[in-house]
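For reference, the structure discussed in these notes is given below.
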Amino acid sequence: MTIAQFIAKHTGRGKRHAKKLLEDGEVILNDHPISDGKTELGKFDHLIAAGETLQANTARYILLHKPAGILSATKDPVHKTVIDLIVEPWASELHLAGRLDRATTGLVILTNDSKFSESLTSPIRKVPKTYLVETDQTIPPEAIAAFRTGMSFEKEDTRSQPAIVNLLSDNTCRLTIYEGLHHQIKRMFLRFGIRVISLHRESIGPYPLENLEQGRWKSFEPKISN
Ligand code: URA
């Protein structure tokens with residue numbers, strides 16, 4: 001929608017009124033006066049007309065440290081969700097850029113900017129996600145070799161990118177994968193009869209969890225271009 005159309009609609013006073021406000025320098029777009037009513041209004045543009053804020057949508061980018069037991073969902077009738085951990089009036093605008101299983105801890109990114117979330121979750125982008133994994137038994141060399149080669153996932157009709165695997169002990173490793181398939185890491189280990197007993201996401205692309213405490217969140221500035 002153009003700025004003129006938006007003003008006409010939201011003031012309820014029609015196109016001619018919008019045109020006059022624009023001509024009179026009464027319209028401010030993102031802190032600058034604007035006279036061209038044909039400019040398209042973006043979702044996160046801040047628009048004031050005749051001193052009245054008509055649109056003030058703020059782009060939100062949130063890093064959250066999900067504790068175990070909290071759902072990676074925006075709403076749930078029974079369980080607490082990641083949104084319940086953000087006690088802010090705008091929390092309900094947010095959606096998730098990639099989920100974690102209920103028992104998994106670590107980094108979850110939330111935003112109201114769908115282009116940004118898509119830039120993190122689109123399979124084409126191959127954004128790395130790094131996890132600490134603990135298993136119920138020794139991780140064998142065959143599993144590491146298969147992860148590093150890439151594995152086929154029949155249900156999704158896809159093949160994983162070669163993963164980065166650093167063995168930290170017999171049954172713990174740091175694993176970087178480039179997809180976000182449902183239960184991906186658990187399924188990768190299960191191919192070798194191994195169960196994942198704890199899983200923690202440390203980073204998504206250029207965004208590390210760092211020392212954010214469990215259950216806490218913070219805002220950040222996006223780095224990935226939309
Ligand atoms: N892989 C899994 O199996 N579970 C997660 O929560 C994330 C990746």
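The values are calculated or read from the model by the stated rules, or taken from the named source; none is laboratory data. The model shown is predicted, which means the values in this text are computed figures rather than measured ones. Please note: Cβ atoms are built from the backbone with ideal geometry, for glycine as well, and neighbour counts cover all protein chains shown. Ligands, DNA and RNA are excluded from the accessible area calculation, which covers all protein heavy atoms including side chains. Shrake-Rupley method; radii C 1.70, N 1.55, O 1.52, S 1.80 Å.
Contact map, the range 178-207: first residue outside any loop (DSSP other than H, G, I, E, B), second residue among the aliphatic types (A, V, I, L, M) and open to solvent by 50 Å² or more (accessible area, probe 1.4 Å), Cβ cut-off under 6 Å, separation 6 or more or different chains; pairs are 200/132.
All of (1) assigned by TED's automatic domain parsing to the domain that holds residue 202; (2) at pLDDT 95 or above; (3) away from the ligand (no atom under 13 Å from the Cβ); (4) among the basic types (Lys, Arg) hold for residue 38 with one exception: (1). You will find that of 144, 224, the residue that is open to solvent by less than 50 Å² (accessible area, probe 1.4 Å), away from the ligand (no atom under 15 Å from the Cβ) and modelled with pLDDT under 95 is 224 and no other.
Comparison of 164, 185, 124 shows that the only residue that is under 22 Å from residue 97 (Cβ atoms) and under 17 Å from the mean Cα position of the chain (by Cα) is 124. Here residue 153 clears all of (1) within 22 Å of residue 134 (Cβ to Cβ); (2) free of Cβ contacts under 8 Å to residues at least 40 places away in the same chain; (3) aromatic (Phe, Trp, Tyr) except the condition numbered (1). Scanning the range 115-141 for residues that are outside any helix (DSSP H, G or I), surrounded by 19 or more Cβ atoms within 10 Å (Cβ to Cβ) and among the polar types (S, T, N, Q) returns 130, 135. Taken over the range 176-194, the criterion of being within 21 Å of residue 142 (Cα to Cα), open to solvent by 50 Å² or more (accessible area, probe 1.4 Å) and either within 11 Å of the ligand (Cβ to nearest atom) or β-branched (Val, Ile, Thr) (or both) is satisfied by 183, 186, 187, 190. Scanning the range 1-25 for residues that are part of a loop (DSSP other than H, G, I, E, B) and either closer than 22 Å to residue 93 by Cβ or open to solvent by 80 Å² or more (accessible area, probe 1.4 Å) (or both) returns 1, 13, 24.
Given the condition more than 14 Å from residue 128 (Cβ to Cβ), within 13 Å of the ligand (Cβ to nearest atom) and surrounded by 17 or more Cβ atoms within 10 Å (Cβ to Cβ), answer yes or no: does some residue in the range 197-211 qualify? Scanning the range 197-211, I find at least one residue that is more than 14 Å from residue 128 (Cβ to Cβ), within 13 Å of the ligand (Cβ to nearest atom) and surrounded by 17 or more Cβ atoms within 10 Å (Cβ to Cβ), so the answer is yes.
Quick check: is even one residue across the range 105-112 more than 15 Å from the ligand (Cβ to nearest atom) and outside any strand (DSSP E or B)? Looking through the range 105-112, at least one residue is more than 15 Å from the ligand (Cβ to nearest atom) and outside any strand (DSSP E or B). Filtered by the rule that a residue be of a type outside the set (Asp, Glu) and farther than 24 Å from residue 184 by Cα, the range 76-114 gives 77, 78, 85, 86, 87, 89, 90, 91, 92, 94, 112. Across the range 86-98, the qualifying residues are those that are within 13 Å of the chain's Cα centre (by Cα) and touching a residue at least 60 places away in the same chain (Cβ under 8 Å), and the one among them that is surrounded by the fewest Cβ atoms within 10 Å (Cβ to Cβ) is 98. I'd like to know if the range 94-115 contains one or more residues that are in the same structural domain as residue 13 (by TED's automatic domain parsing) and on the phi > 0 side of the Ramachandran plot. Scanning the range 94-115, I find no residue that is in the same structural domain as residue 13 (by TED's automatic domain parsing) and on the phi > 0 side of the Ramachandran plot, so the answer is no.
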